[in-house]
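The values are calculated or read from the model by the stated rules, or taken from the named source; none is laboratory data. Keep in mind it's a predicted model, so treat the numbers as computed, not measured. Counting neighbours? That spans all protein chains shown, and the Cβs are built from the backbone with ideal geometry, glycine included. Surface areas here come from the heavy atoms of the whole protein model, side chains and all, with no ligands, DNA or RNA. Shrake-Rupley method; radii C 1.70, N 1.55, O 1.52, S 1.80 Å.
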Amino acid sequence: MDGNGYDRQAVSPELAIGKVLARQRAAYLTDINPALALRVDRLDRLERMILVWQERLAQAISEDFGNRSAVVTTLADIVPTRAAIRHARRHLKGWMRPRRVPLAWTGQPGSGLILRQPLGVVGIIAPWNYPMNLTLSPLVGGRGRAMLKPSELTPRFSEVLDAAVKAFFAEDELAVITGGPEVAAAFSAAPFDHLMFTGSTAVGRKVAEAAARNVTPVTLELGGKSPAIIDASADLDSAVPRLIWGKLLNSGQTCVAPDYALVPRDRVEAFVEATKAAAERQYPRLADNPDYTSIISARHFDRLAGLIEEARDKGAKVIELLPGTDAARRILAPVVVTGANDTMALMREEIFGPILPVIPYDTLDEALAFINARDRPLALYWFGTDRKAEGRVLNGTISGGVTINDTILHLAQDNLPFGGVGASGYGACHGEAGFVAMSKEKPVLRQSRLSAVALLYPPYGKLAGMLLKVLARFG
Ligand code: NAD
């Protein structure tokens, strides 16, 4: 038996997932539009669940990683999830309120409304890098029933999450489904009312295909290569520690980590020096440093080591910012790479680790062309004080989101919609944007005792002709 109470040998994932989904859908149909009080109660229970289970969840995550500081889990999993819950609780009433809209003449003198109804049962597929945040935060938009599918790379976390959820929610409200890609594939093929997928672009494509068969709407929160541009006007002393913080948080295993840096050619040397100083300040040592996260698995460690090796073999210069790679503990020392180019995998694939290629540029146009020649990134960072250059970057690029003069922080704002564009995904989450994504905005026209259109009922006479002339100009 697994954590979901079914024997995988005896029951296929499709059947087990289908059973829970059927129970949730039946429960949903008894209360399609739950009242505010029930929705707030669900948010309260979610918050209490996190409070009661947070240490066990953080410990499980640390064990799954090999080492991950409870501070990182608190900062990037617990605090943002609780903030999302509090934000939703404060705003839920306003978000739920029907919107009155003015009507065209055909609706006069009736009235127009938009009702925001929960779509129904939501399936949430999450990656391993911030497992609590990425499974639980989307719940604040759903308001009802959901099934969670955490990553197979965080099995201890999934087990603890399952126990926590069972202690606070009925299975027809919230359930955890565990398993690897086979279970995940069955999960994404189930006829949810909405699917929220966070993970890689390659798997996101498969999820979108599977969902299309059910015409299930999907939010795809994917990854990609997020650039950081250092402008000629940037102050390296303030920019570089912020960039290094964003790069080395969770050892670069962050969807919005700056992937590579574009640096004015004449500042590359100073930039590299500054990265070294910043890394040394933030991580005085790597050996037994609880603040420096291990790479999640041996496969990912080997992948990252391979990126560095290939770049070196092809002539790039690899500068270790700190010594201390320890393969047994999956600790990978952070490096900056100069002389990288597109023949190297580290300039073609999302890095998702503590490797920072530095690409020199001569003009801002050249930097923007470099970004625009690639897949649309999830995040873009710009450091500088020249407002004209800032405007050119904002208007001349398209990305999921932007932080100016820092990294990552736009993600932590519940009033800013979060989501990718192009290969970094579609749809949005966080705050009201997440609420709308998991709602049907149902238009309603309430006709009055009178009807403007009744003037145009057949048989068509002179009045109809006159009215149509007026409408052709003003209608
Ligand atoms: P992944 O795509 O390998 O896995 C994500 C989830 O998909 C896991 O739960 C996995 O079990 C499931 N999965 C695997 N095969 C599947 C299939 N065929 N059908 C359906 N689901 C399947 O990603 P990962 O390695 O866990 O996470 C890293 C990626 O996630 C990076 O690309 C990163 O940028 C991205 N990410 C994006 C965000 C965001 O908010 N946009 C946040 C965190 C991570």
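Mind checking which helices (runs of 4 or more DSSP H) fall wholly inside the stretch 62-153 and carry at least 3 residues that are open to solvent by 30 Å² or more (accessible area, probe 1.4 Å) and under 30 Å from Ser451 (Cα atoms)?
Where helices (runs of 4 or more DSSP H) fall fully within the stretch 62-153, none carries at least 3 residues being open to solvent by 30 Å² or more (accessible area, probe 1.4 Å) and under 30 Å from Ser451 (Cα atoms).
Remark: pairs (first residue in the stretch 173-201, within 17 Å of Phe157 (Cα to Cα); second residue more than 10 Å from the ligand (Cβ to nearest atom) and polar (S, T, N, Q); Cβ separation under 8 Å; 6+ apart in sequence or on different chains) = Ala175/Asn4; Ala175/Gln24; Val176/Asn4; Ile177/Asn4; Thr178/Asn4.
Residues that are touching a residue at least 12 places away in the same chain (Cβ under 8 Å), acidic (Asp, Glu) and in a helix (DSSP H, G or I) within the stretch 271-300 comprise just one, Glu280. The single condition from (1) free of Cβ contacts under 8 Å to residues at least 12 places away in the same chain; (2) touching a Leu at 6+ places or on another chain (Cβ under 9 Å); (3) not aliphatic (A, V, I, L, M) that Gly425 fails is (1). Residues of the stretch 196-217 being crowded, with 23+ Cβ neighbours inside 10 Å and either of a type in the set (A, V, I, L, M) or in the same structural domain as Tyr260 (by TED's automatic domain parsing) (or both), which ones? Of everything in the stretch 196-217, those that are crowded, with 23+ Cβ neighbours inside 10 Å and either of a type in the set (A, V, I, L, M) or in the same structural domain as Tyr260 (by TED's automatic domain parsing) (or both) turn out to be Met196, Val207. Any idea which residue in the stretch 186-215 is nearest to the chain's Cα centre (by Cα), counting only those that are among the small types (Gly, Ala, Ser) and closer than 20 Å to Leu21 by Cα? Checked the stretch 186-215; the qualifying residue nearest to the chain's Cα centre (by Cα) is Ala208. Given the structure, is Ala26 surrounded by fewer than 13 Cβ atoms within 10 Å (Cβ to Cβ) and assigned by TED's automatic domain parsing to the domain that holds Phe435? Yes: the conditions hold for Ala26. Out of all the residues in the stretch 12-23, is one or more touching a residue at least 12 places away in the same chain (Cβ under 8 Å) and not in a helix (DSSP H, G or I)? Within the stretch 12-23, one or more residues are touching a residue at least 12 places away in the same chain (Cβ under 8 Å) and not in a helix (DSSP H, G or I).
Residues checked against (1) over 20 Å from the mean Cα position of the chain (by Cα); (2) aliphatic (A, V, I, L, M):
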| residue | (1), (2) |
| --- | --- |
| Glu55 | yes, no |
| Asp64 | yes, no |
| Val72 | no, yes |
| Leu92 | yes, yes |
| Gly107 | yes, no |
| Gly112 | yes, no |
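Can you name the residue in the stretch 419-447 that is under 17 Å from Pro377 (Cβ atoms) and hydroxyl-bearing (Ser, Thr, Tyr) and is also nearest to the ligand (Cβ to nearest atom) among such residues? The qualifying residue nearest to the ligand (Cβ to nearest atom) is Ser424. Does any residue of the stretch 235-249 turn out to be aromatic (Phe, Trp, Tyr) and open to solvent by 60 Å² or more (accessible area, probe 1.4 Å)? Yes; the residues of the stretch 235-249 include at least one that is aromatic (Phe, Trp, Tyr) and open to solvent by 60 Å² or more (accessible area, probe 1.4 Å).
Can you pull out the residues in the stretch 245-258 that are out of contact with any Leu (no Cβ under 8 Å at 6 or more places or on another chain) and part of a loop (DSSP other than H, G, I, E, B)? Result: Gln253, Thr254.
Here Arg329 fulfils each of the conditions (1) touching a strand residue (DSSP E or B) at 6+ places or on another chain (Cβ under 9 Å); (2) in contact (Cβ under 8 Å) with a residue 40 or more places away in the chain; (3) of a type outside the set (A, V, I, L, M) apart from (1).
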